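The structure under discussion is supplied below as structure tokens; questions concerning it will follow.
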Amino acid sequence: EKKDKIAEVKKEIDTLEDQRKGKEDGIPEEWLHHYARMRNTVSDPVVTISDGNCSACFYNIPQQDVLSIGRNNLVQCKGCYRFLYKKREGEEPSE
């Protein structure tokens, strides 16, 4: 029974890794490198902007950076160095 469970989990991991590769297409290598490095140090390397602040460390994000994020540019928080994104209208928070 345990061997079946292990095989099932390995199959799920392979499926998720294949999906990840597809989602990485078109993303600049620099972004992927920075993300991989951050993922090794913090549990949530990508966080939202909430009321003009980083939702992880509450650092006040300059308006110029907020505008840059809105144009799909890569911006890191200057307080905690996590990647920032802005929620779109009607987007629900993800857990």
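Looking only at segment 1-10, which residues are among the basic types (Lys, Arg) and either surrounded by 10 or more Cβ atoms within 10 Å (Cβ to Cβ) or within 12 Å of the chain's Cα centre (by Cα) (or both)?
Lys10
How many of the residues in segment 48-61 are part of a strand (DSSP E or B), out of contact with any Gly (no Cβ under 8 Å at 6 or more places or on another chain) and under 23 Å from Leu32 (Cβ atoms)?
2
I'd like the residue in segment 62-80 that is out of contact with any helix residue (DSSP H, G or I) (no Cβ under 7 Å at 6 or more places or on another chain) and assigned to a loop (DSSP other than H, G, I, E, B) and, out of all such residues, is most open to solvent (accessible area, probe 1.4 Å).
Taking the candidates together, the pick is Arg71.
Step by step: first the residues of segment 14-36, then only those that are part of a helix (DSSP H, G or I) and open to solvent by less than 80 Å² (accessible area, probe 1.4 Å), then the one that is modelled with the highest pLDDT. Which residue is that?
That would be Thr15.
The values are calculated or read from the model by the stated rules, or taken from the named source; none is laboratory data. Small disclaimer: the values here were computed from a predicted structure and weren't measured. Note that we place each Cβ from the backbone using ideal geometry, even for glycine, and neighbour counts take in every protein chain shown. When the accessible area is computed, the model is the full protein with side chains, heavy atoms only, and any ligands, DNA or RNA have been set aside. Shrake-Rupley method; radii C 1.70, N 1.55, O 1.52, S 1.80 Å.
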